[in-house]
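J.: Before anything else, here's the structure in question.
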Amino acid sequence: MSDTHSQIEAAAEIRARIDTTTPHSARFWNYFVGGKDNYEVDREIGDQIKEIFPGLVDVALGSRLFLGRAVRHLIREQGIRQFLDIGTGLPTADNTHEVAQREAPDARIVYVDNDPIVLTHAGALLTSSPEGTTAYLDADLYAPETVLEAAAGTLDFSRPIALIILNTLGHVADYGQARDLVRRLMAGLPAGSHLVISDSTATSEGMIAASNAYNASGATPYHVRGVAEIAGFFEGLDLVAPGITRVPSWRPDPDTPADPAAAPVDAYCGVGRKP
């Protein structure tokens with residue numbers, strides 16, 4: 001069988017796994033950040049949730065801006081040139097590799113996801129500056145050692161790596177399991193590596209109601225957690241100032257003043273360094 005024929009069959013198999021009859025977290029989030037890769041069912045639940053809790057749009061947009069600030073900090077201040085982004089989601093603007101390679105053209109980025117809707121868009125992620133590398137793994141957060149082994153084909157594990165897990169750990173229902181997955185991933189990275197996490201939090205009645213509505217829609221459930229639980233993911237790491245904070249408050253751009261009238265964003269984040 002030719003490589004081309006195998007690729008066509010693989011693409012058909014991936015498309016067959018896509019369910020357009022129930023909402024999907026990656027498509028739902030894509031809708032909230034202004035993307036085009038979503039279906040009517042995703043927009044319907046998105047609009048319902050915006051009626052319940054308009055602040056979820058701010059969570060989506062704020063998390064995307066936090067990603068950019070964190071990547072730029074790691075490159076400029078920490079000298080990081082390698083990124084392992086798990087739970088990639090659908091590409092929009094300013095993906096990890098785009099931000100990183102604008103700052104450091106030789107940056108290496110490995111994206112990890114196992115979702116069929118994301119797999120169909122992997123080609124949009126597989127772009128890179130000539131000096132750097134961007135790779136995509138069809139792999140599962142629940143198999144950390146497999147992820148690390150596969151990533152070693154692109155990343156140099158003798159040098160620090162930034163592990164990025166944004167708005168993904170909420171899909172792991174059991175908090176102890178979620179912490180264990182993060183621990184196992186960080187255990188496989190060298191000293192000087194960093195962990196970057198952001199997740200929606202149960203810090204308002206509106207967010208809790210939005211989470212309940214989303215989970216009742218038939219989509220893969222997402223569990224909002226307390227701020228202390230977000231902090232727990234960083235146990236054993238040295239937190240980068242300002243520590244665990246709402247996403248807009250993590251090293252905000254000085255030329256973008258905060259809106260004093262803006263409602264608090266129900267998403268917390270942090271960046272920690274492995275000693």
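The values are calculated or read from the model by the stated rules, or taken from the named source; none is laboratory data. Just so we're clear, the structure is a prediction, and the values are computed from it rather than from any experiment. Backbone-built Cβ (ideal geometry, glycine too); neighbour counts: all protein chains shown. Each accessible area value is taken on the protein alone, full model and side chains, heavy atoms only, with ligands, DNA and RNA left out. Shrake-Rupley method; radii C 1.70, N 1.55, O 1.52, S 1.80 Å.
J.: For residues that are open to solvent by 20 Å² or more (accessible area, probe 1.4 Å) and among the aliphatic types (A, V, I, L, M), scanning just the range 149-171, find the one that is farthest from LEU56 (Cα to Cα).
T.: Top of the filtered list is ALA152.
J.: A further question follows. Conditions first: (1) out of contact with any helix residue (DSSP H, G or I) (no Cβ under 9 Å at 6 or more places or on another chain); (2) touching a residue at least 24 places away in the same chain (Cβ under 8 Å); (3) under 28 Å from ARG27 (Cα atoms); (4) surrounded by 14 or more Cβ atoms within 10 Å (Cβ to Cβ). ILE208 passes all but one, so which condition is the exception?
T.: Evaluating ILE208 over (1) out of contact with any helix residue (DSSP H, G or I) (no Cβ under 9 Å at 6 or more places or on another chain); (2) touching a residue at least 24 places away in the same chain (Cβ under 8 Å); (3) under 28 Å from ARG27 (Cα atoms); (4) surrounded by 14 or more Cβ atoms within 10 Å (Cβ to Cβ) leaves (2) as the failure.
J.: Examine the range 182-200 for a residue that is in a loop (DSSP other than H, G, I, E, B) and of a type in the set (Val, Ile, Thr), and state whether such a residue exists.
T.: No, the range 182-200 contains no residue that is in a loop (DSSP other than H, G, I, E, B) and of a type in the set (Val, Ile, Thr).
J.: Please report, ordered by residue number, the helices (runs of 4 or more DSSP H) entirely within the range 5-107 with at least 1 residues that are at pLDDT 90 or above and aromatic (Phe, Trp, Tyr).
T.: Where helices (runs of 4 or more DSSP H) fall fully within the range 5-107 and carry at least 1 residues being at pLDDT 90 or above and aromatic (Phe, Trp, Tyr), they are 55-78.
J.: Another question about this same structure. Could you check, for the range 79-87, whether at least one of its residues is on the phi < 0 side of the Ramachandran plot, open to solvent by 10 Å² or more (accessible area, probe 1.4 Å) and of a type outside the set (D, E, K, R)?
T.: Scanning the range 79-87 turns up no residue that is on the phi < 0 side of the Ramachandran plot, open to solvent by 10 Å² or more (accessible area, probe 1.4 Å) and of a type outside the set (D, E, K, R).
J.: If a residue must be in contact with a helix residue (DSSP H, G or I) (Cβ under 6 Å, 6 or more places away or on another chain), surrounded by fewer than 24 Cβ atoms within 10 Å (Cβ to Cβ) and not hydrophobic (A, V, I, L, M, F, W, C), how many such residues does the range 89-114 contain?
T.: 3
J.: For residues in the range 243-275 being of a type outside the set (Asp, Glu), closer than 18 Å to ALA210 by Cβ and assigned to a loop (DSSP other than H, G, I, E, B), which is modelled with the lowest pLDDT?
T.: That would be ALA262.
J.: Within the range 161-178, does at least one residue satisfy the condition of being without any contact (Cβ under 8 Å) to a residue 24 or more places away in the chain and assigned to a helix (DSSP H, G or I)?
T.: yes
J.: Same structure again: Return a yes/no flag: does the range 120-141 have any residue that is farther than 30 Å from ASN212 by Cα, open to solvent by 50 Å² or more (accessible area, probe 1.4 Å) and in contact with a His (Cβ under 8 Å, 6 or more places away or on another chain).
T.: Yes, that holds for at least one residue.
J.: Suppose the filter is at pLDDT 95 or above, open to solvent by less than 60 Å² (accessible area, probe 1.4 Å) and of a type outside the set (Asp, Glu); does LEU239 pass it?
T.: Criteria not met by LEU239.
J.: Assuming THR220 fulfils every condition listed in (1) in a loop (DSSP other than H, G, I, E, B); (2) modelled with pLDDT of 95 or more apart from one, which condition is it?
T.: If we test THR220 against (1) in a loop (DSSP other than H, G, I, E, B); (2) modelled with pLDDT of 95 or more, just (2) comes out false.
J.: How do the pairs read when you match residues in the range 229-251 that are without any contact (Cβ under 8 Å) to a residue 60 or more places away in the chain with residues anywhere that are assigned to a strand (DSSP E or B) and polar (S, T, N, Q), using Cβ under 8 Å and keeping only pairs 6 or more apart or on different chains?
T.: Taking only residues 6 or more apart or on different chains, the pairs are ILE230/THR201.
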